[in-house]
Structure formats: C-alpha cells, structure tokens
1. How big is the charge dipole of the protein assembly as shown about its Cα centre, in debye rounded to the nearest 20, if each Lys and Arg gets +1 on its Cβ and each Asp and Glu gets -1 on its Cβ?
2. Using a simple charge model, +1 on the beta-carbon of Lys and Arg, -1 on the beta-carbon of Asp and Glu, nothing else, what dipole does segment A:4-87 show about its Cα centre, in debye to the nearest 20?
3. If I take R0 = 56 Å and measure r between the Cβ atoms of B:Arg210 and A:Arg88 in this structure, what FRET efficiency does the formula 1/(1 + (r/R0)^6) give, to the nearest 0.05?
4. Which is farthest toward the positive dipole end of chain A among A:Val57, A:Ala12, A:Gln251, measuring Cα position about the Cα centre, with Cβ charges +1 (Lys, Arg) and -1 (Asp, Glu)?
5. Need one number: convex hull volume per residue for segment B:93-302, Cα atoms only, in Å³.
6. Would you mind listing the distances between the B:Leu115 label point and the same position in each other copy? Use 7 Å along Cα-to-C-beta, nm, one decimal, shortest first.
7. Just counting partner chain Cβ atoms within 10 Å, what average do the residues of peptide B:47-57 show around their Cβ?
8. Output, in nm with one decimal and in ascending order, the distances from the A:Gly74 label point to the matching label points of the other copies (7 Å from Cα along Cα-to-Cβ).
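Every number in this text was worked out from the coordinates using simple rules, so none of it is lab data. Note that this is a predicted model, so its numbers are computed, not measured. Please note: Cβ atoms are built from the backbone with ideal geometry, for glycine as well, and neighbour counts cover all protein chains shown.
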There are 2 protein chains.
Amino acid sequence: MLSLHQLRCFLATFEHGSLTGAADALGYAQPSVSEQIRALEKAVGAQLFRRVGRGVVPTTVADELRPHAERTLGAADEALRAVRAAARLETGTIRFGMFGTARLYAGADLVADVLERHPGVRVELVGQNSTEVFDELRRGRLEAAMIAVPSVSSDAMTVTPVARDELVYVSADPEHVSSPVTAHRLAQASLVMAEATWAAEDSTRIVLRRMLQETGRNPRSRIEVEDVETAVELVGRGLADSVIPRGVVDQLLPRLAPGAGWTSLRPRQYDTLAIVHRANATLSPAARLMIELATQRIVALTERY
Amino acid sequence: MLSLHQLRCFLATFEHGSLTGAADALGYAQPSVSEQIRALEKAVGAQLFRRVGRGVVPTTVADELRPHAERTLGAADEALRAVRAAARLETGTIRFGMFGTARLYAGADLVADVLERHPGVRVELVGQNSTEVFDELRRGRLEAAMIAVPSVSSDAMTVTPVARDELVYVSADPEHVSSPVTAHRLAQASLVMAEATWAAEDSTRIVLRRMLQETGRNPRSRIEVEDVETAVELVGRGLADSVIPRGVVDQLLPRLAPGAGWTSLRPRQYDTLAIVHRANATLSPAARLMIELATQRIVALTERY
DNA sequence: GGCTGCCCAAGGTCTGACCTAGGAGTGTGA
DNA sequence: TCACACTCCTAGGTCAGACCTTGGGCAGCC
C-alpha cells in the first residue's frame, strides 16, 4: 500500500542520489530509508533506483514518479495547512444559529465583530426560526446557537440564558397603546404575526398562548407574514397591531412605522434569549467565540431597558 | 503524522455520515476507522466530526478538509497509475545506449520497432561514441546499451556479443580498392576518420592501431571529422580514403559516395557488436525489450555478408 | 420500555517502522 | 596496489500502531 512516508523518502533519495544522504536529511538511519524505498518499489511494481556501487541512480520510472510524488505531498501539506488555519479561525467557515428577530438587532453587528477579529473567515448565521434552529442543533448540524425560548428547559440540550427581552404591543392607533394591554384586550385585538411558516411553534406565540389560556381564549391572528419587517410595516399602516420583542421595536419602528407607538402587556411577558448547545459537548473555539460575542451584543442591547 | 490511510477513512466517514458505514465500505471493523479518525483529528489539531447519538456529523473544519483530502488521494492514485503504466511500457521513457555508427544502420528501425509495439512511450537513444556510452553504463545512468568493442572483455560489465561487423577500406580511387589492403598499405594511406572528439578511444581506431602495431607504425589520419556521414562524403570526393564498418558501407556509400568502392583489409578486421550492461544487474522489461529488438535488427543486417 | 443501531473503551495480536551492528562492493588517494 | 572512505545490504531486536473482538452506554424508534 502506497504511503506518504514512502513518497517523502523517495523524493529525498531522488534529490540526494543516495540513501544515506536522504536518511541524514530525514533524520533516519539509512536502512530505514532503504526499507521504505523497497516497499515503494513493491507497491508500484517497478524498480525505482539502480543500486550502483557508490550511491543509487533513479530509473526512468522514477523520473516518471517524481512529479506525481511532489504533487501528492504538496496536496497533503496544503490540506494540513488549510485545516490548521481553519482551526485557528484564520480561514474557513464559522456557522452559528440565530433566530430571526435576534438577528434583526444583533446579527449584523455580530458578523462585523467576528470579521474584525478574524478577517479571513466566512460567517454563516443560520435559521429563520427558533425551533428550526433547535432541530438543527439536535441533529448536530449546528454546534451552538442563540435562540429565543419561552421556557428555559431541556434534557439533551444545555440552555444558558443570557438576557430576556420584553414582548410589547405595537399599534398605529395611539388609543391602543395608551395603557398596558391585558389578556382580555389582546384576545380581541386584530393582530399581524410574523414567521408564518412556523406559526404553531414560534416562541412569541407560545408565550402569548400561555397568557391567553388564563382567559380561556385562543390567540388568533388576522394576518400572517413571513418576516418581522413586513409585520411592523403593516402595523405602521394601521392595518393591524402586533406583539414583538422590545429590541425590535427600537430597531424597526422609527424606520418602518414612524407613527406607531408601543406599550407593555399586563402582566409583562418575556422571551428568554439563551445560548443553546448539545449537553456534554466540548465547544470548538469558533463556537466559544460566537457565544461570547453574541452574548456581549445582546446584553448590551437589552440591559438598557 | 498525516497519512493517506487516515484521509481515506475520513472521506469514507464523511460520505457515509457514519463510522460503521465507512468501516463496512472500507472492509474494516468500526473501531479501526474510529481510531484513524481520532489520529487524523490529532494530526490536524481540530475536531472533524461531532459524535451525535446516531452517527457523526462533520464540522466546518471537515468541510474545509474534504476537497484537500480528495485532491491528495487523487494525486496519489494518479502517481500509482502513471508509474504502473510506465512499468508496463505503456507510457514513460525508454532509454538505451547505442554508439554512433550502429545507430546509423539500426537506429531508426529500432525506434520504429519500439514505437510500433508501445505507442505511448518516449524513446531515447543516447550516446555518440562507444566509450561515452560505456561510461554512462558504469555510472548507472544507462541500464544497457549496444556498443562496438574491439575486444570482448570487461570485469564489472557483462558483455554479450551479438554480431560482428567487418571493417573495410573505402576509396574513390578504384586502384586503392582493387585488392585487400595490408597493414603496410594502410600505414601509407591518406585517411579521414570520424568521431574526432573521441579519437584516442574510438573502437575502430583501436582495431587499426593493433593491426598497425605489427608493422611498427602508428596510424595517422589526415582528416578528422565528427560524423561518419561527412567522412564518407569526403571519400566520395576523392579527398581521402577511410576505414568503416561494412554495414555503414551499404547504408551510406550509394547515397554519399556513389563512385567509391571498398575492399577488405588483410588480414580481415572486425568490430564486435555487443550488448553491455552492469554485471549482476536484473534487467528491466524496457531494457530486455530494447536488447531483443536491437539484436534482431543487427543480426538481420550483418548475417547477410 | 424494550429493541436496534451507533459510538466508545479495553485488551490482545501482529505487522511494520525504526534502530544498531556487521559484511560486501566501489572509487579515491597515498 | 593497497587501504581507507563511502555506500549499500542483511540480520536481528524493539516498539508503536493498525487491526481485531468483546462489552458497555446512549439515542432514536416502535
């Protein structure tokens, strides 16, 4: 069986024209190199050197092999170099999970933070929705993520809360936000909710459903849209009200719904922002980096309230 | 230390998403593959797979490694393929030594013979002069050769005579070739001799010198030229006479010296055409091929006389 | 909750990669 | 021409590691 070690010995021997010289250069005893060459000759099925009194002389078959040996060793070196660079976060890809709305107020800054410290890397922020991200984590396709969880609990996952974000009621009608919104009023509201695809599992809705269960009603939305931006824009046009995280309010309301206002729910409701990864997993440097930077960003944004 | 074996296991695991699957595909037990992956991870200094309940999932570092691993294994395969093809005489170079005049009457045909049987190979017929070729052989740069030797004898070389070629006297003056030329007449002749560079060691001259030693004279040439063609042409113009192998007479006289004639020496003198290679050397298929074909050609040409 | 499938860990065998020591051949210099 | 220097090979011994089998733990599925 062919091996890189044999090729290394072959090249050294070829260049020195001598097994002893090659052995010295490689730091081995001469018989060791001799053995490798013999093994290589057996592997390729042809004599590579003529043993001629003083030293050895490559055959034409050796001439043929040499460029291929160099290419092979070069490719192996390159592989090692590339992987080490990736492991040191000099190149390669950093993949991190993040749910849709969190990405709205921390995503771009987080990516900027990473790129500043590690200019060579690619960054992938994956996941539109918390539960989707959660699933990727369970399957191991994702190492760690920042997600919004209504209740902090899991068995196979380690969930580390880093901040909480209040869910607030937004509306273009000043009367709707003149005082905190109770469960009763919420049940009657005409709402637009984002993340249509994942409606049933969306974290915000789970919170709302739990709130409304006390009144014996089911939460109903009048409009379903895919992204929060659209939802906020619809609120701005006065077509519906919505419930969104407080952080998103600061980020989107001035731009997309300048006339709208907001108020708390009563009782106040919160999404918990947490770092999640598989239990018993040792985290890679890349994951640790992302967790640290994401936490800093989220905490800085949410502790102002 | 990185090894091809590790890369093979890595790729199989990557593709199957499972150590067991990779082990089955490679024909190993699962713990063996597991061990290789662990060794590879240690070698590159990064985790390549997350062990996640059912199966394993490649990390982004593994994504980075994969194309390099494929390139490396591909290059190794290519190396093996190229060398095996060269060893089977499908590609690569065949190098064979041949002295100047022999090449004149067998060279082109010999090359044609080789190319007909092995269309993919390159052919190198090296050596202008017998002694030069002999030296290349001693140094191992050449595996085997057909050379002209005045006397068949050597210590470190195996010399196998395959034919002999008579040395004949050629002249444009019919009177000079009307009867066999004795040593006495030869000593007085005005001669043109080829292979000026190697004058002292040229095989033909050694024969002549030995012949003339009996008369107590030294051979003297009036003209020295590099190649036999020029010598024959000068003979054709009547500027000098010469002594050349009989085979060359048939080949060159009609074309380069149409008016010239030839006669034997008295006593007759011969160059021995022999296959030479280092003693105790096992010959490669390429060398055996060249020896066989060259012998056939030379024998076919010389046995007519 | 049992079953299956997958991984790791432990322990044993055997190949092969390495060493040292000694013998044979060749080229060089006295 | 002889001895020395240099190269290669062979022989025999050590040790790492590549492979195996067996058994245990954990996740996902019926």
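1. 1120 debye
2. Computed about the Cα centre, the dipole is about 140 debye.
3. 0.15
4. The residue sitting farthest along the positive end of the dipole is A:Val57.
5. Values: hull volume 23.6 nm³, N = 210.
It is 112 Å³ per residue.
6. 5.9
7. Working: counts 6, 2, 1, 8, 4, 8, 5, 2, 2, 1, 5.
Mean inter-chain Cβ contacts per residue within 10 Å come to 4.
8. 1.4
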